[in-house]
Amino acid sequence: MAPSALAGVGAARIPRIELADIVRAHGAAYQRAHPLCRAQRRALRAIAACRTAALGGHRAVCAACGAERITYNSCRNRHCPKCQRIATERWLAARRAEVLPIPYFHVVFTLPHALNPLVQSHPHLIYRLLFQAAASTLLRFGRDPRHLGGQLGITAVLHTWGQTLTQHLHVHCVVTGGALAPDGSRWIAARPGFLFPVRALAQVFRGRYLARLQQAFDRGELHLTGGLAPLGEPAAFATWLADLRQHAWVVYCKPPFAGPDHVLAYLGRYTHRVALSNDRLLALRQGRVRFRWRDYADGDRVKVMDLAVDEFLRRFLLHVVPNGFVRIRHFGLLANRRRAAALAQCRTLLAQPPPPVVPPESARDLMLRVTGVDIDRCPRCPRGLLRRLAVLPPAPAAWDTS
């Protein structure tokens, strides 16, 4: 199998393995051997076709030296590691106008691994309840006059993976270090370096999540089959929930960010991440994949994991979210229906001027700012600008996923 190479002309580079190479070589066989949901099939097809002739593209020529360059289209699938940079930057551009001159806290809510089997059969439900329980817990503490007594702003991002691609369900929340009073008359700042007591957060989060899970069971939203079939009886399910209630759930609150710029830098790293980036992949040989991972339990040491390709693809596909599921959500002050008015009131109280009106950034300007590469300039000369000659229609897919 030939590793990915750059399309068109340009400086040579050392070939490296990419997720797309693994999917093109083994994805079709894996799909034939294992039942996959629609979202997982779509992700495999998109990753395999990304920036290849299968998606079409265009041919351009340099006005100065005459060199031709073929550029193929991106798949834009949110699970493709090559398609997140522009999506991240455009999302961050919209968020810059929403950052207030206040401290922000980073709070992480984690589900116990005992819920992992339920995730595989009910991902939409389990993820939705995670968002609801985490956000409602934070909003309750924010409204409590013993803490802040007002409305918080929350941006929450779902992550489902650990460093070794196993299931590790958690939601990262960026939370305003303060709240808007119920009557909108004042801004209530959090104590320096402290938001809420973490143990109390964890207890309320656990209670709210399990209560919602019980409600889903009572409404018949859980279809427990296979290894989960014994939990289909109300008494057995209640006993299982009672056992989950006996264990401490993990909620972590980090120190506040150093300032608004750090908030945006953090969001840029977390919002559009996929389970595995290409720069962690090391090799694909003889049906085995090697990749780097960081062992947080061993002093953050970087280690190498070796997996059979079927196991690697199985773990990667665990983190494909259902079609249409929103992984980034806003609550409280930042909820879509009230964001504009609430932020305007907060700026008034914090004596912050309205954000400047920034015109939309073109793809060329965005890529030049982010990567330092002018996508319209010839990579060979590099004096001339590329002039588009023809649009290339999509070609037949390189592999069959039927």
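The values are calculated or read from the model by the stated rules, or taken from the named source; none is laboratory data. The shown structure was predicted, so the numbers you read here are calculated from the model rather than taken from an experiment. All Cβ positions, even for glycine, are placed from backbone atoms using ideal geometry, and neighbour counts span all protein chains on display. These accessible areas exclude ligands, DNA and RNA; they are computed on the full protein's heavy atoms, side chains included. Shrake-Rupley method; radii C 1.70, N 1.55, O 1.52, S 1.80 Å.
Between helix 123-143 and the chain, what is the angle of the helix's C-alpha long axis to the longest principal axis, kept within 0 to 90° and rounded to the nearest 10?
The two axes meet at around 50 degrees.
Given +1 on the Cβ of Lys and Arg, -1 on the Cβ of Asp and Glu, and no further charges, what dipole in debye does the chain carry about its Cα centre, rounded to the nearest 20?
Working: 56 positive and 24 negative charges, 146 e Å.
In total the dipole reaches around 700 debye.
Less than 15 Å from a label point 7 Å out along the Cα-to-Cβ axis of A189: which backbone N atoms in the stretch 64-108 qualify, by residue?
100-105
What distance in nm separates the two pseudo spin-label positions at Q203 and V391, each 7 Å out from Cα along the beta-carbon direction?
Going from the Q203 label point to the V391 one covers 6.2 nm.
With every protein chain left in place and a probe of 1.4 Å, what is the accessible surface of D243, to the nearest 10 Å²?
80
Around F257, with a cut-off of 14 angstrom between Cβ atoms, what is the net charge of the other residues, counting Lys and Arg +1 and Asp and Glu -1?
Values: positive: R95, K254, R269; negative: D261.
Counting the neighbours of F257, the net charge comes to +2.
5 Å is the cut-off here: which amide hydrogens, built 1.01 Å from N in the peptide plane, fall below it relative to A395, excluding neighbours closer than 5 in sequence?
Amide H neighbours of A395: A54, L55, G56.
Cβ under 11 Å from A64's Cβ, A64 left aside: what net charge do those residues give with Lys, Arg +1 and Asp, Glu -1?
Details: positive: R377, R380, R383, R387; negative: none.
Summing Lys and Arg as +1 and Asp and Glu as -1 gives +4.
Can you tell me the orientation of helix 19-33 relative to the chain, as the angle in degrees between its alpha-carbon axis and the longest Cα principal axis, to the nearest 10?
Between the helix axis and the principal axis of the chain, the angle is about 70 degrees.
Within a Cβ distance under 11 Å of R327, other residues only, what is the Lys/Arg minus Asp/Glu net charge?
Values: positive: R78, R273, R329; negative: none.
Around R327, the surrounding residues sum to +3.
Starting from the Cα of A238, step 7 Å along the direction of its Cβ; do the same at R383; then give the gap between the two resulting points in nm.
The modelled label-to-label distance comes out at 8.4 nm.
Compare the peptides 146-153, 387-394 by average per-residue count of other Cβ atoms within 10 angstrom and give them in order, highest first.
Peptide ranking by packing, descending: 146-153, 387-394.
Quick check: residue separation of R285 and A87 times 0.36 nm, minus the Cα distance between them. What number comes out in nm?
Length difference between fully extended and current span is 68.1 nm.
Computed FRET efficiency, Cβ-Cβ of R339 and R364, R0 30 Å: what is it to the nearest 0.05?
Working: r = 30 Å, r/R0 = 1.00.
Using R0 = 30 Å, I get an efficiency of 0.50.
Probe of 1.4 angstrom, ligands and nucleic acids ignored: what's the accessible area per residue over the stretch 227-356, in square angstrom? The partial results should precede the final answer.
Working: 7150 Å² over 130 residues.
Solvent-accessible surface per residue comes out at 55 Å².
How far apart, in nm, are the 7 Å Cα→Cβ label points at A258 and R38?
Taking the two extended label points, one gets 4.7 nm.
Would you give the gap between the C-alpha center of the stretch 320-397 and the C-alpha center of the stretch 14-34, rounded to a whole Å?
30
Give the shape of the stretch 298-337 as rounded, prolate or oblate, defined through the alpha-carbon gyration tensor: a ≥ b ≥ c are the square roots of its eigenvalues, a/c under 1.5 means rounded, and otherwise the shape is prolate if a/b is larger than b/c and oblate if not. Walk me through the numbers before you get to the answer.
On the way: a/c = 7.92, a/b = 1.78, b/c = 4.46.
It comes out oblate by the Cα gyration axes.
Using a/c under 1.5 as the rounded threshold, could you call the chain rounded, prolate or oblate? The axes a ≥ b ≥ c are square roots of the C-alpha gyration tensor eigenvalues, and prolate needs a/b larger than b/c, oblate otherwise. Walk me through the numbers on the way to the answer.
Working: a/c = 2.23, a/b = 1.27, b/c = 1.76.
It is oblate, given that a/c is not under 1.5 and a/b is not larger than b/c.
Report ³J(HN,Hα) in whole Hz for each residue of the stretch 189-202, in order, from the Karplus equation J = 6.51 cos²θ - 1.76 cosθ + 1.60 where θ = phi - 60°; Gly and Pro get x.
7, 6, 5, x, x, 9, 10, 9, x, 5, 4, 5, 4, 5
Answer rounded, prolate or oblate for the stretch 164-283, using the Cα gyration tensor with square roots of eigenvalues a ≥ b ≥ c: rounded when a/c is under 1.5, else prolate when a/b is larger than b/c, else oblate.
Details: a/c = 2.57, a/b = 1.36, b/c = 1.89.
Oblate, because a/c is 1.5 or more while a/b does not exceed b/c.
So how much slack lies between E221 and A114, counting 0.36 nm per residue of separation and subtracting their Cα-Cα distance, in nm? Please report the intermediate quantities before stating the final value.
Working: separation 107, 0.36 × 107 = 38.52 nm, distance 1.88 nm.
So the extension gain works out to 36.6 nm.
Counting only protein heavy atoms and a 1.4 Å probe, tell me what percentage of the chain's accessible area is made up of carbon and sulfur.
Numbers: 11000 of 20340 Å².
Taking all protein chains in place, the chain shows 54 percent carbon and sulfur surface.
Can you give me the angle between helix 339-349 and the longest principal axis of the chain, using Cα atoms only, in degrees from 0 to 90, rounded to the nearest 10?
Approximately 70 degrees, to the nearest 10.
Beta carbons within 10 angstrom, averaged per residue: use that to sort the peptides 278-290, 228-240, highest first. Walk me through the numbers before you get to the answer.
On the way: 278-290: 15.4, 228-240: 13.2.
Packing proxy ranking, top to bottom: 278-290, 228-240.
If you count only protein heavy atoms with a 1.4 Å probe, what accessible area per residue comes out for the stretch 67-111, rounded to a whole Å²? Display every interim value, and only then the final one.
Numbers: 1930 Å² over 45 residues.
That works out to 43 Å² for each residue.
As a test of reading the structure, rank R315, R186 by solvent-accessible area (1.4 Å probe, protein chains only), most first. Walk me through the numbers on the way to the answer.
Values: R315 40, R186 135 Å².
Listed by decreasing accessible area, they come as R186, R315.
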